[in-house]
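Student: Let me begin by handing over the structure; questions about it come next.
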Amino acid sequence: MTSREHSPRPPYAAPVAARVTLAGADWLASASRFPRSVHALWAESPGSSVVLPCGTAFDVIGTPALFGRRVLDRLWAAGPGSGPVAAQRGRLLLFAAPGTAQRLPALLSWEEWGGRDRRVPPLLCHGTGDTVAVPPLFPADETEPVPPAARWLVAPETRDPWLPGPDVLLWACVRAARAAV
């Protein structure tokens, strides 16, 4: 079953943090100008976080954790599912199609869900020129804090994962905001 097919239990609902596959690691490393260096770092220390540039392989939309969970619920319950998703220090990082970081804020504003209307909390949109720290490839061991500071909820599994665009995330954000009222 692919991440776009509906399942009774979305992958982020699993009690264990997700693991990045080798193909998923290839996709993440492809965002770097030096993918072999990223692979070498992970080969030496798979528990390391890596800072990767946005804008070519992916954009990242950062949401407060609670709102992000509501968005994920909408994406999996009545939508196409999500791309990779990470949890990091009280925020969810939704990996999206390149260009989404630039377009989504304008769409939210046009729909009158951005700006002074706080039903959609401020989103951190990382696109061309920005970088993000991605969680380690594998879940933390028992020496890490519970839950770990950074982990994959939906890990990259393929070299070409489906990534939601601005229209899909707009739809999910608006529905999550309406449901919270």
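Student: Would you mind telling me which numbered condition in (1) farther than 15 Å from residue 132 by Cβ; (2) among the hydroxyl-bearing types (Ser, Thr, Tyr); (3) in contact with a Cys (Cβ under 9 Å, 6 or more places away or on another chain) residue 100 fails?
Tutor: (1)
Student: Name the residues in region 79-121 that are crowded, with 19+ Cβ neighbours inside 10 Å, modelled with pLDDT under 90 and not in a loop (DSSP other than H, G, I, E, B), would you?
Tutor: Hit for region 79-121 is 108, nothing else.
Student: Pull out all pairs, ordered by first then second residue, where Cβ-Cβ is under 8 Å, the residues are six or more apart or on different chains, the first lies in region 46-71 and is of a type in the set (Ser, Thr, Tyr), and the second is open to solvent by less than 20 Å² (accessible area, probe 1.4 Å) and in a helix (DSSP H, G or I).
Tutor: Correct list of pairs: 48/42; 63/71.
Student: Something else now. Pick from region 122-158 the residues that are among the charged types (D, E, K, R) and open to solvent by 80 Å² or more (accessible area, probe 1.4 Å): which of them is modelled with the highest pLDDT?
Tutor: 157
Student: Scan region 46-62 for residues that are outside any strand (DSSP E or B) and open to solvent by less than 40 Å² (accessible area, probe 1.4 Å) and jot them down. Spell out the reasoning first.
Tutor: Going residue by residue through region 46-62, those that are outside any strand (DSSP E or B) are 46-49, 54-58.
Correct list: 48, 54, 55, 57, 58.
The values are calculated or read from the model by the stated rules, or taken from the named source; none is laboratory data. Being a predicted model, the structure only gives us computed values, none of them experimental. Note that each Cβ is placed from the backbone with ideal geometry, even for glycine, and that neighbours are counted across all protein chains shown. Please note that ligands, DNA and RNA were not included when accessible areas were found on the heavy atoms of the full protein model with its side chains. Shrake-Rupley method; radii C 1.70, N 1.55, O 1.52, S 1.80 Å.
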